[in-house]
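The values are calculated or read from the model by the stated rules, or taken from the named source; none is laboratory data. Note that the structure is a prediction, hence the values are computed from the model and not measured. Here the Cβ positions follow ideal geometry from the backbone for every residue, glycine too, while neighbour counts run over all protein chains shown.
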Amino acid sequence: MDKNNRIKVLIADDDMIIQIAHRMALEATGRCEVIIANDGAEAIRKAQEGVDLILMDFNMPIMDGIEATIQIRAIAELHGLPIIGVTSNTNEQIHQSAKTAGMNAVVVKPLLKNKLEQILAEFVDK
């Protein structure tokens, strides 16, 4: 978390409606600065610039969220960065493969303010 106690959250999702919904819910907490990445490759670059949490969509152009997570986990200084998989898919096997790739948890979208506050409490506020 940065010195102003604002949490930098990277939303990695190519769907503008989801980006807006998640941004609004995060900003409604009053303590989040939101950064947007439209694909996995952009998410990797922005993660390296410094964030506290990533909300990573599974299906994106250029590079999907699973591959982006694998590559982020290969960067030593980002090893402990919380990555939460966000998907509309409820298949438990897919969720498990995401966790195997290095995601800390998987949640089904859209994420409402109360769910985002739970994620912040569990993965950032420790």
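Somewhere in the stretch 103-115, is a residue surrounded by fewer than 13 Cβ atoms within 10 Å (Cβ to Cβ) and over 19 Å from Ala21 (Cα atoms)?
No, the stretch 103-115 has no match at all.
Could you tell me whether Ala47 is over 17 Å from Val124 (Cα atoms), within 11 Å of the chain's Cα centre (by Cα) and touching a residue at least 24 places away in the same chain (Cβ under 8 Å)?
Judged against the criteria, Ala47 is not a match.
Looking only at residues in the stretch 29-44 that are more than 16 Å from Gly65 (Cβ to Cβ) and more than 11 Å from the chain's Cα centre (by Cα), which one is surrounded by the most Cβ atoms within 10 Å (Cβ to Cβ)?
Looking at the filtered set, the residue picked out is Cys32.
For the stretch 88-126, which positions are in a loop (DSSP other than H, G, I, E, B) and either within 15 Å of Leu26 (Cα to Cα) or modelled with pLDDT under 90 (or both)?
Ser88, Asn89, Thr90, Asn91, Lys109, Pro110, Leu111, Leu112, Val124, Asp125, Lys126
How about the stretch 63-86: which of its residues are buried (at least 19 other Cβ atoms within 10 Å of the Cβ) and either in contact with an Asp or Glu (Cβ under 7 Å, 6 or more places away or on another chain) or among the hydrophobic types (A, V, I, L, M, F, W, C) (or both)?
Matches in the stretch 63-86: Gly65, Ile66, Ala68, Ile72, Leu81, Ile83, Ile84, Val86.
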